[in-house]
Amino acid sequence: MNHSELKAKAIQIRMDLLKMIHGAKTGHTGGSLSNTDILTALYYKIMNIDQQNPKWTERDRFIASKGHSVESLWCILADLGFFPKEELGTFSQFGTRLIGHPNNKVPGIEMNTGALGHGLAISVGMALAAKRDGKSYRVFCLMGDGEQAEGSVWEAAMAGPHFKLDNLVGIIDRNRLQISGGTEEVMGLEPLEEKWAAFGWNVVSIDGNDMDSLVEAFGAVPTVPGKPTLVMANTVKGKGVSFAENNPAWHHHVPNDTQLSQALAELSASLELLSQEGQVR
Ligand SMILES: Cc1ncc(C[n+]2csc(CCOP(=O)(O)OP(=O)(O)O)c2C)c(N)n1
Ligand SMILES: [Mg+2]
């Protein structure tokens, strides 16, 4: 996929996840919209994966440490054929495997997440295993910025550089909001990049909703030999839907019929703009 096709795909995934959340009447709308571009870059351009063989030993690993915003991930895995797309209609319904957090009953999911603060430690273990087994797969771990308040994140942050895991990429969805308001009000994080750098990570700061920057940053891994990379993905929570953007209420808010129509209209307009610019065939 070229970059224009990736941008169009991300818009399509946003439309899919909004319809899914609306149908289920539950979901983490804001965080899913904020990380859609990150996941699109990883799943459609960067990661070596095989949907026909989800347990392929050489596959790159993705750990959704901010497990609550699983909706973008479900839509992408369905779109790629890890499971039938119709199954998205069962999201969060009784008996489904597509519950509100990643779980490894679903092909393509490496670990159960949702309790924040655990994904990076598991990712360190996976990256260390790759080194010790002489394998070349990479491990990408997506964390929230609110999640940075978990102490266990910082234990793993110490271990990554200690073991020289240049096959490990931590990504922070830096949307500056968490469940109950701004990250700097709830638990101040700044200077966040300097903290990660001081722990020994190669820190790369980008616009996390910009496809070109995402592909460039992830495509460069391993960026510095012997060092894990931390991608500070500066994003907008609720990205793509005007009334959800930067609005803490949309962490968990579900669109009503009118809001869904408006959101889909806005996203269709963005798609139309892309094609007018001649960027999408
Ligand atoms: C250990 C733990 N404590 C509390 C929660 C409840 N919780 C769910 S989402 C969330 C806020 C997360 O904010 P952030 O990491 O910034 O995610 P995003 O903004 O990307 O949605 C919290 C506190 C949780 N899932 N796990
Ligand atoms: Mg956040």
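Rg/Rh for the chain stands at 0.94; both radii use Cα atoms, and Rh follows the Kirkwood definition. With N counted as the residues of segment 19-97, its alpha-carbon radius of gyration over 2.2 N^0.38 Å works out to 1.11.
Among Phe82, Phe140, Phe243, a tally of other beta-carbon atoms within 10 Å of each Cβ gives an order, fewest to most, of Phe243, Phe82, Phe140. Net charge of the neighbourhood of Leu214, taken over other residues with C-beta under 10 Å away and scored Lys/Arg +1, Asp/Glu -1, is -4. Run a plain Debye calculation on segment 150-281 (Cα atoms as equal point scatterers, no solvent) and give log10 I(q)/I(0) at q = 0.11 Å⁻¹, rounded to two decimals, same order as the q list. Treating every Cα as an identical point scatterer, log10 I(q)/I(0) equals -0.54. Remark on segment 93-204: Rg and Dmax equal 15.3, 46 Å (Cα only).
Test of understanding: ordering Ser180, Ser34 by Cβ neighbours within 10 Å, fewest first, what list do you get? Neighbour counts put them in this order, fewest first: Ser180, Ser34. Based on every Cα atom in segment 7-50, Rg and the maximum pairwise Cα distance Dmax equal 11.4, 34 Å. Plainly put, segment 51-113 has a radius of gyration that is 0.93 times its Kirkwood radius, both from alpha-carbon atoms, as the Rg/Rh ratio. Applying both filters, DSSP loop and at most 13 other Cβ atoms within 10 Å, to the GluC sites (Glu not before Pro) of segment 109-153 eliminates every site.
When Lys85, Lys239 are sorted by how many other C-beta atoms sit within 10 angstrom of their C-beta, beginning with the fewest, the order is Lys85, Lys239. Distance between the C-alpha centers of segment 10-57 and segment 190-222? Whole Å please. Cα centres, segment 10-57 to segment 190-222: 21 Å. Checked against a 20 Å cut-off, the cross-linked pairs Lys66/Lys105; Lys7/Lys105; Lys55/Lys227 give Cα-Cα distances beyond that limit for Lys7/Lys105; Lys55/Lys227. Short-range pairs are left out: with C-alpha atoms under 8 Å and at least six residues apart, the relative contact order of segment 142-248 is 35 percent.
Each value in this text was obtained by applying a stated rule to the coordinates, not by laboratory testing. On a predicted model such as this, the values are computed, not experimentally measured, just so you know. Positions of Cβ are generated from backbone atoms using ideal geometry, with glycine treated the same way; all protein chains shown enter the neighbour counts.
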